[in-house]
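Nothing in this text is a laboratory measurement; each read-out follows from the coordinates by a stated rule. On a predicted model such as this, the values are computed, not experimentally measured, just so you know. Note that each Cβ is placed from the backbone with ideal geometry, even for glycine, and that neighbours are counted across all protein chains shown.
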Amino acid sequence: MKFKNSFPLIIILILALIPIVRWFFMDPLSLRFFDLNSTTTSFGQITGLLGMILFSINLILSNRSRFFDKIFSGLHIFYDHHKWIGAVSFCFLLFHPLFLVVKYITVSVNSAAMFLLPGTNFAITMGIIALGAMIVLLVITLYLKIKYHIWRFSHKFMVGVFVFAILHTLLISSDISRDMFLRYYIFIFAFIGLAMGAYRSFFRIFFNKDFEFKVVKVNILNNSVAEIEIEPVDRKIEFRSGQFIFIRFVGVGISSEPHPFSIASNTGDDNLKIVIKSLGDYTSTINKVIKGMVAKVEGPFGSFYENNNSVKKEIWIAGGVGITPFLSMARSLGNINHNIDLYYCLKNPSEAVLLKELNAISVSNTKFRVITWYSEEKGFINADIIEKGSNGLKDGVVYICGPLPFMRILQSQFISKGVDKDNIHFEEFNFL
């Protein structure tokens with residue numbers, strides 16, 4: 001499992017290092033690292049190559065797909081890698097001009113300043129614009145609290161930034177311009193990255209392959225939670241328990257941006273059910289969803305749950321609306337030869353909108369047990385409580401879904417009790 005999760009990163013690392021290996025054999029290292037100026041220039045070239053190739057790879061990875069979902073063992077892992085690859089590529093691209101400017105500082109501060117500012121050299125100006133625009137976009141992404149749809153819109157400008165970076169790389173006099181292998185290697189990745197980034201940001205709408213559904217039922221469970229059922233217009237979706245979809249409802253007053261929701265349906269159903277709680281800007285408008293409304297669906301994604309009868313015990317822990325994937329898992333239960341304990345964690349009994357159905361499933365399947373936990377009455381649940389309630393954690397596989405802090409705290413508690421990290425699975429949407 002650990003190798004499987006690391007394999008995509010190993011491939012990315014190899015792809016990033018290939019141009020560096022080529023660069024090392026182009027000239028004698030004694031000339032590359034002869035003095036301070038040659039050494040800093042060499043580091044500037046290395047960081048430029050790494051930054052450009054990783055930027056290209058990250059744009060390729062910007063395309064959400066079931067292929068990437070599968071090879072990264074989950075879309076949340078894929079997006080986490082995507083985020084860190086982007087951060088690393090930015091660091092390399094930032095240090096690229098800082099290393100190169102050293103030789104100008106030895107002449108004068110004014111020369112260094114002129115190098116770092118747009119001027120008459122078109123190729124250098126393109127690079128400075130690309131770096132400056134990237135800094136602005138990353139500040140918006142990392143430090144400004146903006147609405148989701150605005151963040152998504154600003155993220156599309158990364159494609160424009162990359163165009164300036166390509167122009168800089170294409171026109172600047174460098175090792176890339178004098179070596180055919182480097183030139184073709186960098187630009188093949190660059191143009192694939194540009195094409196895929198542009199497709200995802202601007203042109204995907206013209207090649208839309210989303211599944212089309214329509215709303216057939218809106219079941220209001222309480223003041224803030226609703227279960228929405230949609231049926232396929234033409235093609236149905238094949239999915240596994242614990243997977244999720246991106247869905248956008250086509251209607252007045254509802255954002256056209258897709259949002260992720262866990263599937264709550266039985267795996268044998270053609271219709272899809274999702275449970276939505278009014279929490280943020282998007283979900284607060286969900287009361288505008290009505291019967292007959294069109295829903296565009298992308299997916300399914302995720303590898304949260306693997307039904308494995310060879311395990312001795314499963315522990316499911318749901319925090320609030322995090323019950324959704326477990327609802328699908330419970331609805332899809334067949335014959336099992338091991339015990340499953342579901343801890344349904346809520347603030348109070350008024351939130352237990354799905355408890356009646358879960359209890360009915362536990363009656364028909366005696367190896368499935370539902371334990372409710374109300375934090376207003378008993379405080380927050382923890383690994384000690386679960387260990388006691390499930391007669392130990394040994395040989396158990398743990399599944400957690402809920403708010404991110406809820407999942408992280410429980411994960412660390414289980415690990416401290418000796419539960420193998422590979423046996424702790426949790427679904428998270430913090431990447432969206």
Label points 7 Å out from Cα along the Cβ direction at D384 and E257: separation in nm? 4.2 nm
Per the Debye formula with a single identical scatterer at each Cα and no solvent contribution, what log10 I(q)/I(0) holds for the stretch 2-206 at q = 0.08, 0.13, 0.17, 0.19 Å⁻¹? -0.30, -0.77, -1.24, -1.46
At what distance in nm do the modelled label points of N37 and K421 sit from each other, each positioned 7 Å from its Cα along Cα→Cβ? 4.7 nm
Dipole moment magnitude, nearest 20 debye, the chain about Cα centre, only Lys, Arg, Asp, Glu C-beta charged: 280 debye
Around V397 (Cβ within 15 Å, Cβ-to-Cβ, excluding V397; K/R +1, D/E -1) the net charge comes to -2
For Cα pairs less than 8 Å apart in space and 6+ apart in sequence, what is the mean separation divided by the residue count of the chain, i.e. the relative contact order in percent? 13 percent
Taking 7 Å along the Cα-to-C-beta vector as the label spot, tell me the K214-F153 distance in nanometres, rounded to one decimal. 3.1 nm
So what J values fall out for the stretch 384-397 if you push phi through Karplus, 6.51 cos²θ - 1.76 cosθ + 1.60 with θ = phi - 60°, rounded to Hz, Gly and Pro as x? 4, 5, 5, 4, 5, x, 10, 6, x, 10, 4, 6, x, 10
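Suppose the chain between N222 and I10 were pulled fully straight at 0.36 nm per residue; how much longer would it get relative to their current alpha carbon spacing? Intermediate values should be presented prior to the final figure.
On the way: separation 212, 0.36 × 212 = 76.32 nm, distance 4.75 nm.
Full extension of this stretch gives 71.6 nm more.
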Considering only the chain, what is the antiparallel percent among its DSSP beta bridges, to the nearest 5? 55 percent
For K214, go through the lysines and keep the ones whose alpha-carbon is under 16 Å away, minus same-chain ones fewer than eight residues off. K236, K273, K288, K291, K296
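Hey, what did the stretch 202-281 get for relative contact order, percent, Cα under 8 Å, at least 6 apart?
Numbers: 121 pairs, mean separation 22.7, N = 80.
Relative contact order of the stretch 202-281: 28 percent.
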Note on the stretch 207-363: alpha-carbon gyration tensor, axes a ≥ b ≥ c; rule is a/c under 1.5 for rounded, else prolate if a/b larger than b/c, else oblate; result oblate
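Would you mind calculating the gained length between V136 and F181 on full extension (0.36 nm times residue separation, minus the Cα-Cα distance), in nm to one decimal? Mind showing how you got there, number by number?
Values: separation 45, 0.36 × 45 = 16.20 nm, distance 3.30 nm.
Gain on stretching V136 to F181: 12.9 nm.
Quick one: order W84, W23, W316 by neighbouring beta-carbon count within 10 Å, fewest to most. Write down the numbers at each step before the final one.
Working: W84 12, W23 19, W316 26.
Taking fewest neighbouring Cβ atoms as first place, the list is W84, W23, W316.
Arranged from highest to lowest average of other beta-carbon atoms within 10 Å per residue, in what order do the peptides 167-173, 323-329, 342-348, 362-368 appear?
Numbers: 167-173: 16.9, 323-329: 26.1, 342-348: 19.0, 362-368: 13.3.
Highest to lowest by the protection proxy: 323-329, 342-348, 167-173, 362-368.
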Per residue of the chain, what 222 nm ellipticity follows from adding -39500 (n - 2.57) for every DSSP H run with n ≥ 4, rounded to the nearest 500? -15000 deg cm²/dmol
Net charge near Q45 (other residues with Cβ under 9 Å of its Cβ; Lys, Arg +1; Asp, Glu -1) is 0
Report the longest stretch of the chain that contains none of the GluC sites (Glu not before Pro) sitting in a DSSP loop with at most 12 other Cβ atoms within 10 Å. 1-237
Decide, for the stretch 289-423, between rounded, prolate and oblate: order the square roots of the alpha carbon gyration tensor eigenvalues as a ≥ b ≥ c, take rounded if a/c falls under 1.5, and otherwise choose prolate if a/b is larger than b/c, else oblate. rounded
